[in-house]
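Shown next, in structure tokens, is the structure this report addresses.
The values are calculated or read from the model by the stated rules, or taken from the named source; none is laboratory data. Quick caveat: nothing in here was measured; it's all calculated off a predicted structure. Don't worry about glycine lacking a Cβ; one is built from the backbone with ideal geometry, like all the others, and counts go over all protein chains shown.
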Amino acid sequence: MNVRSKAVFLSLVAALSGCGNNEQNNGQQTSSGGSSGADASASSAANTSNNTSLEESATPPASAVQDSGMLAAMADTGVAAQVEEPQSQPGRPPAPPARPEMNSAARDTYRQGLSSAQQGNLGAARDAFDRTLSNDPRAFAAAYNAGIIAERQGQDPQADSYYQRSLTIQPDYELAVVARSRLLVRQRRVNEAVQFAGGIASRYPGNFLVRAEYARLLVTAERYDEAVNEARAILRIDERNVAAKMAVAEAFRARGRTDNALAIIDDVINGSDPNHPNNGPGANDARAHYLRALLRIEVSRDVPGAIQSFTRAVELDPQYAEAHNNLGVYLLQAGNVPQAIEHLRAAAALAPSWAKAHLNLGDALRAMHSYDEASTELARAQQLDPSMVEVHYNYGRLYGEQAREIASQGIDNLNRKIALLQQSQQAFTRFRDALGPQFVNHPRNADVTAQLERLTALVTRTQTVLQREQRRAARASGAAATGGDAGAAPAASRDGGA
């Protein structure tokens, strides 16, 4: 039995909460980081006139990382753990390269970084990780963690630089591979992410976590056959590999074989013994529960079941931005607006550069009638992704609802009401025009068309009321100037129906 030293890496939050997340794979411990094949749109879920749609994340978080979710924490001893390598088997690729231990000075500042991150002091945490790298230039986990912090601070270019630095030190470090590839996908650089992860997977075929991430990215790039082949190559050697099984399930899902995909994920979570569910190799894998939630929606519109699965995902990985996002979306659909906002705020805080998280939070705040804050979130989404068409639809709803809450009397109220109705018109029109020919077959076609017709009628009617109010005010002003009694004016001179 060959033995090599490696640091055991855990999610910081999971380590603190005792949620072990758990799959041993070639001596490497998998993270609970979220794999987001899709992310939900709150504006769809909250719109009772339309079915909720799950949109494939062009970012993926998502949508993640779309999740670069975890901080890598050393074992409590602060030294490398001893992990036994499986006995060599025919056809098994060589083991991944050994990983250097941090020196004692680096371990001290590293722990300081973890402590500061736990307390929410991101600036101090990042400084500590930078000091760790100064104390030990081989501290690849510190570079990775500094990248996670940079993402949380909304500094994606710096985060990318840290991830690449981590991989310069430890070229097959799976957490950095996952974090960087998903950051690229979130930035819509899917092909670059595939090329990046594929290159590392081919150089280190014994790192099954990297290879499984590559398979997942192939699904995102719609290269389904290649994804399945890569995952099955892993499973021929390690038939219990959770990450590879999930890659196959994601490929099936993308091809519309959702029943098959759900069967795979149920088996991953439950195991083979029907009398003892939630005992499979992926029972404590946040990504497995996340994917199960998506499939429960797509297979049977099981919203309560999806909420349950998304909830379990965030329990296992509280830093899973995509799971928080989708949980918030479906809680909003279920009418639990306060709790929906809580999770959508978490998603936006964990992935501050993710436009859809801000879009969905804005929609939930609109549902809570927090219009100013909702407008701020929509503006942030538009700033992050000017090509996001959905933001125009959400602005249309926001302005329209604000207008409905304004009383239809009083000149100031009526002017404000008309301005908001016209802003709503303009927003829906921008949504329609931005889609161009695609609008004809878009799921929102009927809704937007009806909204524009209704708004046109409302503007006309409100302008008529305003004109009556203005004439009445003019008569009252004239009467006051001459000392007359406006109320004594002959009936024929009054504006009937006022």
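Please go through (1) outside any helix (DSSP H, G or I); (2) in contact with a Leu (Cβ under 8 Å, 6 or more places away or on another chain); (3) of a type in the set (Asp, Glu) for Asp160 and return the number of the only condition it doesn't satisfy. Evaluating Asp160 over (1) outside any helix (DSSP H, G or I); (2) in contact with a Leu (Cβ under 8 Å, 6 or more places away or on another chain); (3) of a type in the set (Asp, Glu) leaves (1) as the failure. Among the residues of region 280-295, those identified as within 17 Å of Gln308 (Cα to Cα) and outside any helix (DSSP H, G or I) are Gly282, Ala283, Asn284, Asp285. Inside region 380-414, residues that are part of a helix (DSSP H, G or I), under 23 Å from Asp447 (Cα atoms) and not hydroxyl-bearing (Ser, Thr, Tyr) make up a count of 14. Looking across region 244-264, the residues that are part of a helix (DSSP H, G or I) and under 18 Å from Arg223 (Cβ atoms) come down to Ala244, Met246, Ala247, Val248, Ala249, Glu250, Ala251, Phe252, Arg253, Ala254, Ala261.
Among the candidates Gln112, Gln118, Gln153, the residue that is more than 20 Å from the chain's Cα centre (by Cα) and within 15 Å of Gln319 (Cβ to Cβ) is uniquely Gln118. Taking region 212-257 as the range and being charged (D, E, K, R) and touching a Leu at 6+ places or on another chain (Cβ under 8 Å) as the test, the residues that pass are Glu226, Glu230, Lys245, Glu250, Arg253. Between Ala72, Ala146, Ala150, the distinction of being within 21 Å of Ala321 (Cα to Cα), at pLDDT below 75 and out of contact with any Ser or Thr (no Cβ under 6 Å at 6 or more places or on another chain) belongs to Ala72 only. When restricted to residues that are closer than 19 Å to Met246 by Cα and touching a Phe, Trp or Tyr at 6+ places or on another chain (Cβ under 9 Å), region 175-206 contains 8.
Considering region 192-230, and only residues there that are among the small types (Gly, Ala, Ser) and outside any helix (DSSP H, G or I), the residue that is surrounded by the fewest Cβ atoms within 10 Å (Cβ to Cβ) turns out to be Ala221. Residues of region 185-194 that are modelled with pLDDT under 95 and among the hydrophobic types (A, V, I, L, M, F, W, C): Val185 alone. All conditions but one from (1) farther than 27 Å from Ala348 by Cα; (2) touching an Asp or Glu at 6+ places or on another chain (Cβ under 9 Å); (3) at pLDDT 95 or above apply to Pro97; the one that does not is (3). Sub-6 Å Cβ pairs linking a first residue in region 302-318 that is assigned to a loop (DSSP other than H, G, I, E, B) to a second residue that is among the hydroxyl-bearing types (Ser, Thr, Tyr), at least 6 apart or interchain, are Asp317/Ser32, ordered by first then second residue.
Scanning region 342-371 for residues that are hydrophobic (A, V, I, L, M, F, W, C), over 18 Å from Val303 (Cβ atoms) and in a helix (DSSP H, G or I) yields Ala346, Ala347, Ala348, Ala349, Leu350, Ala355, Ala357, Leu359, Leu361, Leu365.
Listed here are the residues, each with its yes/no results for (1) exposed (fewer than 13 other Cβ atoms within 10 Å of the Cβ); (2) at pLDDT 95 or above.
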site: Gly396; (1), (2): no, yes
site: Arg416; (1), (2): no, yes
site: Leu421; (1), (2): no, yes
site: Phe428; (1), (2): no, yes
site: Arg444; (1), (2): no, yes
site: Glu469; (1), (2): no, no
site: Ala481; (1), (2): yes, no
site: Gly484; (1), (2): yes, no
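Looking at this structure, is Leu378 in contact with a Gly (Cβ under 6 Å, 6 or more places away or on another chain) and not small (Gly, Ala, Ser)? In short, yes.
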